[in-house]
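Chemist: Got a structure here, written out as structure tokens. Questions coming.
Any read-out appearing in this document is the output of simple, stated calculations on the displayed coordinates, not a laboratory observation. Keep in mind that this is a model prediction, so the values were computed, not measured. Neighbour counts run over all protein chains shown; Cβ positions are idealised from the backbone, glycine included.
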Amino acid sequence: MDHFLYRNGELYAEDVPVSEIAKSVGTPCYIYSAATLTRHFKLFDEALEGTDHLVCFAMKSNSNQAVLKLLAGLGAGMDVVSGGEYARARAAGVSGDKIVFSGVGKTREEMSAALTGGIRQFNVESEPEMLALNEVALSLGTVAPIAIRINPDVDAKTHEKIATGKSENKFGIPISRAREVYALAASLKGLKIMGIDVHIGSQLVELEPFELAYQKVRELTEVLRADDHEITRLDLGGGLGIPYERSNEAPPLPIEYGELIKRTLGDLGCEIEIEPGRLISGNAGIMVSSVIYVKSGEDRDFLIIDGAMNDLVRPSMYSAHHDIIPLKEPAAGAEQQPYDIVGPVCESGDTFAKGRNMPVLEAGDVVAFRSAGAYGAVMASEYNSRPLIPEVLVSGDQFAVIRSRPTFQEMIARDTVPEWL
Ligand SMILES: *Cc1c(COP(=O)(O)O)cnc(C)c1O
């Protein structure tokens, strides 16, 4: 459930008409709902009630300072995947002991910054990385807390670009080599083993792959404890999916996911960490865009809108579906027609939907892309010299711009031309 609903015939973000925000900040723009972010975070937190746990928001899904600050205020930890995300989390007031550092290619500089600034744990993904982290920790006279990310070789049954738990993916170490790698870690004085980490992919719409992976984590916990390793934490990753196509998708709920975790791992005496991103931020955001032209082609009509693939890349990158709805609520039984919905960027890939049935629209009408709060603004670029679009946060009847639209001048001023030119 989110807080983008029709009221009196028009779309609202909580208690603010979306049209009012669109008029005030212009289109395209992103709008996030504080109540929805809060609700989704709490669903996870409550799903793990009764177990020692920390919900670490995967901030690669949405890393705006205001969003991070809101979640941190609810008690969220953060899952970061770069030095930049670490800095953003700290800037939003998240303490180091609530930050886990994931990613296959952490540099020594990133390790050093996190060790100096404070870190809950590094999720180590390979032996070379482990050796580097050990050296960095020793050189700083400290000890790095680690979990080792294991690759359980489980099919997450999701889009190939966001599946991470099969043996052919670049992530983690094969579970078959886990004992050997934990033994190596135990021999390194700059590291302290805290536990096991796993993350099998994103936008999972069934619980079964999680169950298979978590069973393997359970077995591995027992094996490693028999080898005399102290396993006190299990980081179970993120990945729970959301209904992008509301009419026919119903992925599992956080409460069901929490029950699965308790059932498979609850009796091991470990602290549980989870790293949800999309399910917290995805349906908490919309992207709002105006129709520039309606163009009649030979065999189809195009809705040419002011949002483009550089603003929201998911459709073009993952063939992802977003529900697209007009701000003006269509009357019951109103006439519909199919449109190809496209942006102004000079690529055929700049297509949001093909043959999408929509109410009849005209130039100037405004539409909202649902479920755009995750992997939306964070993946945006300025391709075609289109400045990054603004982000707005709504809470009740108030809204604020939480990232403003750069002017052309500001965009251009980031380049520098050498004197000798
Ligand atoms: C991307 C990612 C997540 C979050 O995935 P969602 O599908 O957004 O929940 C969590 N952990 C790691 C290691 C990731 O790479």
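Chemist: What dipole magnitude, in Debye to the nearest 20, does the stretch 1-119 give about its Cα centre under +1 on Lys/Arg Cβ and -1 on Asp/Glu Cβ? Intermediate results must be reported in sequence, preceding the final value.
Modeler: On the way: 11 positive and 14 negative charges, 74 e Å.
That gives a dipole near 360 debye.
Chemist: If you don't mind, another one. For the stretch 350-418, count all C-alpha to C-alpha pairs, find those more than 15 Å apart, and express that count as a whole percent of the total.
Modeler: When every Cα pair of the stretch 350-418 is considered, 72 percent fall beyond 15 Å.
Chemist: Here's something else I'd like to know. Defining a contact as two alpha carbons under 8 Å apart and six or more residues distant in sequence, what relative contact order in percent does the chain show?
Modeler: After rounding, I find 20 percent.
Chemist: Can you compute 3J(HN,Hα) from phi for each residue in the stretch 216-233, using the Karplus curve 6.51 cos²θ - 1.76 cosθ + 1.60 with θ = phi - 60°, rounded to whole Hz and x for Gly and Pro?
Modeler: Calculated HN-Hα couplings, in order: 5, 5, 4, 4, 5, 4, 5, 5, 5, 5, 5, 7, 6, 8, 8, 10, 10, 9 Hz.
Chemist: Out of all Cα-Cα pairs in the stretch 34-281, roughly what percent, to the nearest whole number, are more than 34 Å apart?
Modeler: On the way: 3011 of 30628 pairs.
That fraction is 10 percent.
Chemist: Still on this structure: Determine the equivalent ellipsoid of the stretch 289-421 by diagonalising the alpha-carbon gyration tensor, then write out the semi-axes as square roots of 5 times the eigenvalues, largest first, rounded to whole Å.
Modeler: 29, 20, 13
Chemist: Follow-up question, since we're still on this one. Using the Cα gyration tensor of the stretch 1-105, with a ≥ b ≥ c the square roots of its eigenvalues, what is the shape: rounded (a/c below 1.5), prolate (a/b larger than b/c) or oblate (neither)?
Modeler: oblate
Chemist: What Kirkwood hydrodynamic radius do you get for the stretch 233-355 when you take the inverse of the mean 1/r over all pairs of distinct Cα atoms, in Å?
Modeler: Every distinct Cα pair counted, the radius reaches 17.5 Å.
Chemist: Right, here's the next one. So how do 318, 30 line up by other beta-carbon neighbours within 10 Å, fewest first?
Modeler: Result, fewest neighbours first: 318, 30.
Chemist: Continuing with this model, one more query. Which lysines, if any, have their Cα less than 28 Å from the Cα of residue 106, not counting same-chain residues under 8 positions apart?
Modeler: Cα-Cα hits under 28 Å: 60, 69, 98, 157, 161, 166, 170, 189, 192, 216.
Chemist: Continuing with this model, one more query. Can you compute the helix-only [θ] at 222 nm over the chain? Use -39500 (n - 2.57) per DSSP H run of at least 4 residues, normalise by all residues, nearest 500 deg cm²/dmol.
Modeler: It lands at -8500 deg cm²/dmol.
Chemist: Taking just the alpha-carbon atoms of the chain, what radius of gyration and Dmax come out, in angstrom?
Modeler: 22.8, 71
Chemist: In percent, how large is the relative contact order of the stretch 332-394, given Cα pairs closer than 8 Å and 6 or more residues apart?
Modeler: 25
Chemist: Over the stretch 304-421, what is the relative contact order in percent, taking alpha-carbon pairs closer than 8 angstrom and at least six residues apart?
Modeler: Rounded, it is 26 percent for the stretch 304-421.
Chemist: A follow-up question, please. Of all the Cα-Cα pairs you can form in the stretch 152-206, what percent are over 17 Å apart?
Modeler: 45
Chemist: Related question: Taking neighbour Cβ counts within 10 Å as the exposure measure, how do 200, 280, 242 sort from fewest upward?
Modeler: 242, 200, 280
Chemist: Could you list which residues have their amide H under 5 Å from that of residue 235, counting only those 5 or more apart in sequence or on another chain, with H placed in the peptide plane?
Modeler: 196, 197, 198, 273
Chemist: State, in angstrom, two size descriptors of the stretch 1-58 derived from its alpha carbons: Rg to one decimal place and Dmax to the nearest whole number.
Modeler: Rg, Dmax (Cα atoms, Å): 15.5, 46.
Chemist: Also, quick follow-up: Starting from one equal scatterer on each C-alpha and no solvent at all, send me the Debye-based log10 I(q)/I(0) for the stretch 216-265 at q = 0.13, 0.17, 0.20, 0.32 Å⁻¹, two decimals.
Modeler: Ignoring solvent entirely, the Cα scatterers give -0.46, -0.66, -0.78, -1.21.
Chemist: With unit charges on the beta carbons (Lys and Arg positive, Asp and Glu negative) and the dipole taken about the Cα centre of the chain, which residue among 303, 175, 148 sits farthest to the positive side?
Modeler: Among 303, 175, 148, the one farthest towards the positive end of the dipole of the chain is 148.
Chemist: Let me ask something else. For 31, 402, which order do you get if you count the other beta carbons within 10 Å of each Cβ and list the fewest first?
Modeler: In increasing order of surrounding Cβ atoms, one gets 402, 31.
Chemist: Next question. Roughly how big is the chain's charge dipole about its Cα centre, with Cβ charges of +1 (Lys, Arg) and -1 (Asp, Glu), in debye to the nearest 20?
Modeler: 600
Chemist: Still on this structure, please answer the following. Charges on Cβ only, +1 for Lys and Arg, -1 for Asp and Glu, centred on the Cα centroid of the chain; of 65, 201, 214, which one is farthest towards the dipole's positive end?
Modeler: The one lying farthest along the dipole's positive direction is 65.
Chemist: Explain nothing, just compute: Karplus ³J(HN,Hα) = 6.51 cos²θ - 1.76 cosθ + 1.60, θ = phi - 60°, for every residue of the stretch 60-70 in order, whole Hz, x for Gly and Pro.
Modeler: Per residue, the Karplus-derived 3J(HN,Hα) values read 5, 6, 6, 10, 4, 3, 5, 5, 5, 5, 4 Hz.
Chemist: Right, something else. Let's see if you can work this out: charge +1 on each Lys and Arg Cβ, -1 on each Asp and Glu Cβ, no other charges. What is the dipole magnitude of the stretch 34-281 about its Cα centre, in debye to the nearest 20?
Modeler: Working: 27 positive and 36 negative charges, 147 e Å.
Here the stretch 34-281 has a charge dipole of around 700 debye.
Chemist: ³J(HN,Hα) across the stretch 401-409 via Karplus (A = 6.51, B = -1.76, C = 1.60, θ = phi - 60°), whole Hz, x for Gly/Pro?
Modeler: 6, 9, 8, 8, 7, x, 6, 4, 4
Chemist: Something else: Calculate, axis by axis, the spread of Cα positions in the stretch 179-291 along the three principal axes, and write the results as whole Å, longest axis first.
Modeler: 62, 30, 20
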